[in-house]
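Have a look at the structure below, then the notes.
The values are calculated or read from the model by the stated rules, or taken from the named source; none is laboratory data. Model, not experiment: these values are computed from the prediction. Please note: Cβ atoms are built from the backbone with ideal geometry, for glycine as well, and neighbour counts cover all protein chains shown. Heads up: the accessible areas ignore ligands, DNA and RNA and are worked out on the full protein's heavy atoms, side chains in. Shrake-Rupley method; radii C 1.70, N 1.55, O 1.52, S 1.80 Å.
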Amino acid sequence: MIRIAVGPEPIDIAGEIARAEAADGSGAVATFTGLVRADADAAGGVAVLELEHYPGATEAALTRVAEEAVARWSLEGATIVHRVGPMRPGERIVFVAAAAAHRAAALEACAYLIDRLKTDAPFWKRETRGDEARWVEARDSDADAAARWGR
């Protein structure tokens, strides 16, 4: 089972974990939850992070990433839930889950899902710090993380 959701609603972690654990044949579920960072150590930390996406294309890209993970690790289920719109520090921005027969596959697939979605799905970030808003460029470290998985 693959579950992909993109929207402005807060992420229900308990509900998503329950769905992931319901996958038939699973002996392990690995999850990752990403939070909006304040970057408090930087002058004028992030007050608002706004994510935009390309509706339809974003979900299609996330589905491809999940399908690749399911095939590569023989997963029983893969979940990617991503927020869009304005968010404040501490709010959940992304949730990923991988359900597999064994923990090693679940853990590896979970890392793969988060690494690949950061580079493969069309999201655009804008940070507001004080009175200034700016678009955030893709980070080389995200590309490096995705590249370690090959194609």
How high is the relative contact order of the stretch 101-151, given as a whole-number percent (alpha carbon pairs under 8 Å, six or more residues apart)?
35 percent
Compactness index (Cα Rg / 2.2 N^0.38 Å), the stretch 70-139:
1.38
Using just the helices of the chain, give the 222 nm mean residue ellipticity in deg cm²/dmol: DSSP H runs with n ≥ 4 each add -39,500 (n - 2.57), and the total is spread over all residues, rounded to 500.
-11000 deg cm²/dmol
The stretch 96-137 to the stretch 1-65: how many Å between their Cα centroids?
7 Å
Electrostatic dipole magnitude of the chain [Cβ: Lys, Arg +1; Asp, Glu -1; Cα centre; debye, to 20]:
160 debye
proj_area_mean for the chain (convex hull on C-alpha atoms), units nm², value 8.9 nm²
Average projected area of the Cα convex hull of the stretch 59-110, in nm²?
4.1 nm²
Based on the Cβ-Cβ distance of ILE2 and ASP131, what FRET efficiency does E = 1/(1 + (r/R0)^6) give at R0 = 30 Å, to the nearest 0.05?
0.10
With charges only on Cβ, +1 for K and R and -1 for D and E, what is the dipole size of the stretch 88-146 about its Cα centre, in debye, rounded to 20?
240 debye
Relative contact order (percent) for the chain, with alpha-carbon contacts under 8 angstrom and 6 or more residues of separation?
33 percent
Residues of the stretch 1-101: accessible area per residue with a 1.4 Å probe, Å²
48 Å²
Hey, with R₀ at 22 Å, roughly what FRET efficiency would ALA22 and ALA104 work out to, going by the Cβ-Cβ distance, to 0.05?
0.55
